[in-house]
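Asker: This is the structure I want to talk about, given as structure tokens.
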Amino acid sequence: MILNHMVDNRNGADILNHMVKDNVRRLDRVFHALAHPTRRAMLWRLTGGARNLSDLASPFRMSFPAASKHIRVLERAGLVRRRVSGRTHWCRLEAKPLAKASDFLEKYRRFWEESFERLDDVLEELKAEENQPGRA
């Protein structure tokens, strides 16, 4: 009798482990894609709506194949969806992976915010001790 599929089924742990690894890989691909300034600029341009690949490449003075490689990295990260219509490659932003990256970074923002608040408290204590009468 299996009471809890994930606990009682040894294969369940493998399934969960693959899910975690897959999520980590997806997040890694997003950060890899965002690491290049050209790809970040291309994404920013897509916030205004779908654009063709030639239009995305034009500010960077790069060839179509070079721009296509950048878009391929963005596609693998799930950040861009490409649709080919004749000879035109249309690209549009897929923002969902950005939300996952933002959630990941939010944890660190809270950590640093709390750390700075603790530092502020320590500095206030030191100022108060310094301002006490009789301290040189």
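Asker: Do the conditions hold for A128, that is, is it among the hydrophobic types (A, V, I, L, M, F, W, C) and exposed (fewer than 10 other Cβ atoms within 10 Å of the Cβ)?
Answerer: Working: among the hydrophobic types (A, V, I, L, M, F, W, C): yes; exposed (fewer than 10 other Cβ atoms within 10 Å of the Cβ): yes.
So A128 fits the description; yes.
Asker: Please give the helices (runs of 4 or more DSSP H) falling wholly within region 40-136 in which 3 or more residues are closer than 22 Å to R26 by Cβ. First the steps, then the outcome.
Answerer: On the way: elements: 53-57, 64-76, 96-130.
Passing ranges, in order: 64-76, 96-130.
Asker: Being more than 14 Å from R45 (Cα to Cα), within 12 Å of the chain's Cα centre (by Cα) and modelled with pLDDT of 95 or more is the filter here; which residues of region 63-107 pass it?
Answerer: Of everything in region 63-107, those that are more than 14 Å from R45 (Cα to Cα), within 12 Å of the chain's Cα centre (by Cα) and modelled with pLDDT of 95 or more turn out to be A77, G78.
The values are calculated or read from the model by the stated rules, or taken from the named source; none is laboratory data. Not measured: the values here are computed from a predicted model. For neighbour counting, all protein chains shown are included, and Cβ atoms are generated from backbone atoms with ideal geometry for every residue, glycine included.
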